[in-house]
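Every number in this text was worked out from the coordinates using simple rules, so none of it is lab data. Bear in mind the structure is a predicted one, so any value in this text is a computation, not a measurement. Because the Cβ atoms are built from the backbone with ideal geometry, glycine has one as well, and the counts that use them run over all protein chains shown.
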Amino acid sequence: MSTDATEPRTDTEPKSVPGRAQLSPPVAVRIPGQKPTVVWMTGPSGAGKSTIAAVLARDLRDYGCAVGLVDGDDLRADLCHDLGFSDASRDENVRRAAAVAQLMARAGLIVIVTLISPLRESRARARGRFAPGEFFETYVDTPLALAEQRDPKGLYRRARRGELQQFTGIDSPYEPPLAPEITLATATRTPAQCARIALNALVLAGRLPCLEQLLQQLRGSGERRSRNDRVA
Ligand SMILES: Nc1ncnc2c1ncn2[C@@H]1O[C@H](COP(=O)(O)OP(=O)(O)OP(=O)(O)O)[C@@H](O)[C@H]1O
Ligand SMILES: [Mg+2]
């Protein structure tokens, strides 16, 4: 049965492909100590998800990680361009983002997802795809009034003028997480401080490369190279 693109699927289980396992086994990146992880940033528009994610991605790369980003704007421009903003469409948007994040995590990446993902139930279903400890619900905690004041894309202004309907925080609900793994209070902290809090949480949870192991590996490959140079 094919799925009408305008009619979001209601089944949430991945379809199996005959002749092969449901999902390919983990592949690609193997950095000692790095464990596949999803940092799922949720918060209303203008909360600071993309801004903090950009800093966190850079910090994680500097830390020696392989990182992937799944941003709501990129999804809306392409993979999810057929979806609107009803609760059902938003749920489908979250489902697709989670499916992409799952593939990226199985490739071994630390995946940062930045998506309003306003409904608790949708986020819980996203979490359900991952093993315990892999999914970090990250609440980008910004009072709506502050997000509206920032309004980096002018969307709140347009929503107030009635040009946009079903806008989160205005005429569409936002349900804050009840027990997020990470909370980033952006009213009192800079993006760099928020990124550092998230990175520290990942370090504490043992998700990131062990620097000592990495150094040993680099030293080992350096020694092998110089031995080979001498032989040559
Ligand atoms: N502490 C902070 N953390 C994050 N962003 C901040 C902070 N203080 C100010 N800002 C500003 O708030 C704005 C946040 O915009 P951003 O696009 O990151 O939000 P978003 O949550 O990704 O929204 P959307 O869901 O619409 O994509 C930026 O202009 C950023 O510079
Ligand atoms: Mg964004």
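How big is D, in µm² s⁻¹, for the range 31-85 by Stokes-Einstein at 4 °C and 1.567 mPa s if Rh is the Kirkwood radius over C-alpha pairs?
100
Taking the Cα centre as origin and putting +1 on Lys and Arg beta-carbons and -1 on Asp and Glu beta-carbons, what dipole magnitude results for the range 37-217, to the nearest 20 debye?
Using Cβ point charges on Lys, Arg, Asp and Glu, the range 37-217 gives about 120 debye.
Once you order the gyration tensor axes a ≥ b ≥ c over the Cα atoms, which shape class does the range 80-176 get: rounded for a/c under 1.5, otherwise prolate or oblate by comparing a/b with b/c?
Since a/c reaches 1.5 and a/b is larger than b/c, the shape of the range 80-176 is classed as prolate.
Quick one: Cα convex hull volume of the range 37-217, Å³ per residue?
Hull volume over Cα atoms, normalised by residue count, gives 113 Å³.
Report, in whole Å, the centroid distance computed from the Cα atoms of the range 47-110 and the range 128-179.
So the separation of the two Cα centres works out to 15 Å.
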